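Trainee: Sending over a structure as structure tokens; questions will come in a sec.
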Amino acid sequence: SYWKPFQSGEPDSERIRSYLPEVRVLRALAHFQEAVAPPLAAKNLGQEIPFASELIAHVPKVESPLLIETFGGPFSPLNDHELQLELVKKLDAASVLVSPSSVGAVGRVVGQFRGMLAENYLCNAVVLLGPCDPYAENEIAKHTGVKVFSLPTPTNW
């Protein structure tokens with residue numbers, strides 16, 4: 001099952017539904033038409049994304065494994081008061097840090113990983129999206145101690 005609690009612009013859930021029809025796609029808590037960060041889209045409508053502690057009550061109860069996709073990165077705002085990392089920590093589940101494999105991947109991923117560690121949170125794996133970069137994979141694994149996987153971006157679906 002797949003759940004993205006907040007979406008803006010073209011919904012990711014629709015892409016998942018079309019690419020992976022066998023996956024159960026669960027309804028978002030909110031979808032904002034404006035293609036900007038969900039906290040900004042909510043603010044522009046006079047709304048606010050709830051606190052992480054409130055959002056936990058809305059996590060769908062499913063029997064199959066549940067993939068929850070947040071938006072932005074762990075240090076992107078969740079709402080006017082908290083960062084995404086607060087929600088990730090409260091979910092208390094295995095987590096995967098996903099980043100483009102483009103130039104700067106090592107610094108970007110290691111920086112986010114260490115920032116998460118400084119906030120007393122350890123992610124379980126890293127996925128690099130885009131062209132395979134064995135150097136980046138090895139360096140990230142060496143400096144984080146977690147498994148690193150590469151997924152090339154498909155040229156078509």
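The values are calculated or read from the model by the stated rules, or taken from the named source; none is laboratory data. Only a predicted model underlies this, so the values are computations on that prediction, with no experimental measurement involved. Note: ideal-geometry Cβ built from the backbone for every residue, glycine included; neighbour counts use all protein chains shown. We work out accessible area using only protein heavy atoms, side chains counted, and drop any ligands, DNA or RNA first. Shrake-Rupley method; radii C 1.70, N 1.55, O 1.52, S 1.80 Å.
Trainee: Name the residue farthest towards the positive end of the dipole of the range 1-141 from the options G9, V106, S76, assuming +1 on Cβ of Lys and Arg, -1 on Cβ of Asp and Glu, about the Cα centre.
Mentor: The residue sitting most towards the positive pole is G9.
Trainee: Carbon and sulfur: what percent of the chain's accessible surface (1.4 Å probe)?
Mentor: Answer for the chain is 56 percent, counting heavy atoms of protein chains only.
Trainee: Could I ask something else about it? What dipole magnitude, in Debye to the nearest 20, does the range 1-131 give about its Cα centre under +1 on Lys/Arg Cβ and -1 on Asp/Glu Cβ?
Mentor: Charge dipole of the range 1-131: 240 debye, to the nearest 20.
Trainee: Right, another one. Hey, what D do you get for the range 1-144 in µm²/s if you plug the Kirkwood alpha-carbon radius into Stokes-Einstein at 4 °C and 1.567 mPa s?
Mentor: Answer from the Stokes-Einstein relation: 79 µm²/s.
Trainee: Then there is this: Quick one: length gained pulling E69 to L45 fully straight, 0.36 nm per residue minus the C-alpha distance?
Mentor: 6.4 nm
Trainee: A follow-up question, please. Any chance you could give the angle, 0 to 90 degrees and rounded to 10, that helix 105-118 forms with the longest Cα principal axis of the chain?
Mentor: 60 degrees
Trainee: Do you know the relative contact order of the chain, to the nearest whole percent, from alpha carbon pairs under 8 angstrom that are 6+ apart?
Mentor: After rounding, I find 17 percent.
Trainee: Please give the FRET efficiency for H81 paired with L117, using the beta carbon to beta carbon distance and R0 = 25 Å, rounded to the nearest 0.05.
Mentor: For R0 = 25 Å, the calculated efficiency reads 0.65.
Trainee: Using the Cβ atoms and a cut-off under 15 Å, what net charge is assigned to the surroundings of N44, where Lys and Arg are +1 and Asp and Glu are -1?
Mentor: Net charge in that neighbourhood comes out at -2.
Trainee: Could I ask something else about it? Pairs of lysines 8 or more apart, or on different chains, with alpha carbons under 30 Å: count those in the chain, would you?
Mentor: Summing the qualifying lysine pairs gives 15.
Trainee: Let me ask something additional. Round to the nearest 10 and give me the degree value, 0 to 90, for the angle of helix 134-144's Cα axis relative to the longest principal axis of the chain.
Mentor: On a 0 to 90 degree scale, this one is about 70.
Trainee: With every protein chain left in place, what is the accessible area per residue of the chain in square angstrom, probe 1.4 Å?
Mentor: 60 Å²
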